[in-house]
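Comments concern the structure below.
The values are calculated or read from the model by the stated rules, or taken from the named source; none is laboratory data. Quantities reported herein were computed from a predicted structural model and do not represent experimental measurements. A quick note on method: Cβ atoms are made from the backbone with ideal geometry, for glycine too, and the neighbour counts reach across all protein chains shown.
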Amino acid sequence: MKTRERATLVFAVFLGACASEPLPAAPADAAASGDADGRVDLPLSDDAGAARFDISADGGSSDAGSTDGGSSDGGSTDGAPDAGRSDEVVALAIDPPTATVRVVDATARVGQRFAAVGRTRDGRPVPVTALWALAPTTLATVDAAGLATTTNRHGGDGVVTARFGTLAATATLRVVLDLAVTPAGTPPGAADLFPAGAVVDPDPARTPTWVYPANETVFPQNVARNLFQWRPSGNDRFRVTFESDRSRVVVFTGGAHPTCAAAGTGLACFEPDADVWRYLAAS
C-alpha cells in the first residue's frame, strides 16, 4: 500500500529471490635515406626533429613516436580521449536499462548487477569504469562495481545512475516484495492451512466480511499503524493479502487482538508491527 496509490485487499479463510626512436635533428635539406633492413629515415624540420619509422612488409600499420616529447599513444594525460578521435566515448548507457527483483525472504537481500557501456565516436560499444549511485537508498544500494542490493525495507522503483566524465546514464530498478508474515500469537500451523492454489470455501455463511478500512483506502505514509477489522463468520484462521504492483504481503492470523476483544464487537482484527506497516505503507 503506497501513499495515494490503490492497493487491493484479498481475503481467504480456512474452515476449522601498440617502434619509434627519436633521432637527432636532421638538416632541413637532407634527403630521405633507406636502409637494407627496410627502415627509412625521414628528415623533418629543425624545430620538429626526426623520427624513424618501422615499415612492416605485410601491410600492417606502423607506430610513430611523438616528435614533441609527448605521449606515444596520443592520449591525454588525464586518461580522457582527444576530441575528434574515433575511440572517444561520446555516449553512455546502462545494461540492463530496467530490471525487476523479487524479495521473498525479508532476511535475504537480493542483488542485481548493472554495467556501464560507452559508445565511441565510430559507434563501437566499449566497457567503461563508471561512478555509480542509486536512489532512494532505503530501497537499495549500489557498490563501485555496479551491483545493486536490496535493503528489504520496502518495495518500489529506484533510479540507478552511472557517470563517466561528463556523461551520465540512468536505469530503473524495481523491487517487488513477496512476503508471508505470521504475527506473534497466530495459532500454530495457520499458514499450512492455506497452501498455494487452495480453493476458498464458497459458502456465503462462512465468508468473512471486511469492516475497516474500506477497500482501496489511501493512507499517508506517516500515519500510525492501522487496526484492520473484519467479521470472522465463525472462522478462527485467516489469510489476509495486501497487494499492489510493488508488493504482495500475505498475513496469516487468528484474528485475535486485545483492542477488538475489549470492544466486545466480535470482530477479528490485525494490527501490523512497524516492519509490516513499512512494507505496506512505503511500497
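Residue count for the range 85-109 under the criterion of being basic (Lys, Arg), modelled with pLDDT of 95 or more and not in a strand (DSSP E or B): the result is 1.
Output the residues belonging to the range 110-124 that are in a strand (DSSP E or B) and crowded, with 16+ Cβ neighbours inside 10 Å. Matches in the range 110-124: 112, 116, 117, 118, 119, 120.
If you scan the range 113-162, which residues turn out to be at pLDDT below 95 and acidic (Asp, Glu)? Within the range 113-162, just 122 meets the criteria. The residues in the range 202-256 that are outside any loop (DSSP other than H, G, I, E, B) and either closer than 20 Å to residue 106 by Cβ or among the hydrophobic types (A, V, I, L, M, F, W, C) (or both) can be counted, and the count is 18. Residues in the range 231-251 that are surrounded by fewer than 21 Cβ atoms within 10 Å (Cβ to Cβ), within 25 Å of residue 263 (Cβ to Cβ) and not polar (S, T, N, Q): 231, 232, 234, 236, 239. With respect to residue 265, determine if the residue is polar (S, T, N, Q) and either modelled with pLDDT of 90 or more or assigned to a strand (DSSP E or B) (or both). Criteria met by residue 265.
Within the range 210-253, take every residue that is over 37 Å from the mean Cα position of the chain (by Cα) and not aromatic (Phe, Trp, Tyr) and give me the one that is farthest from residue 186 (Cα to Cα). The residue in question is 211.
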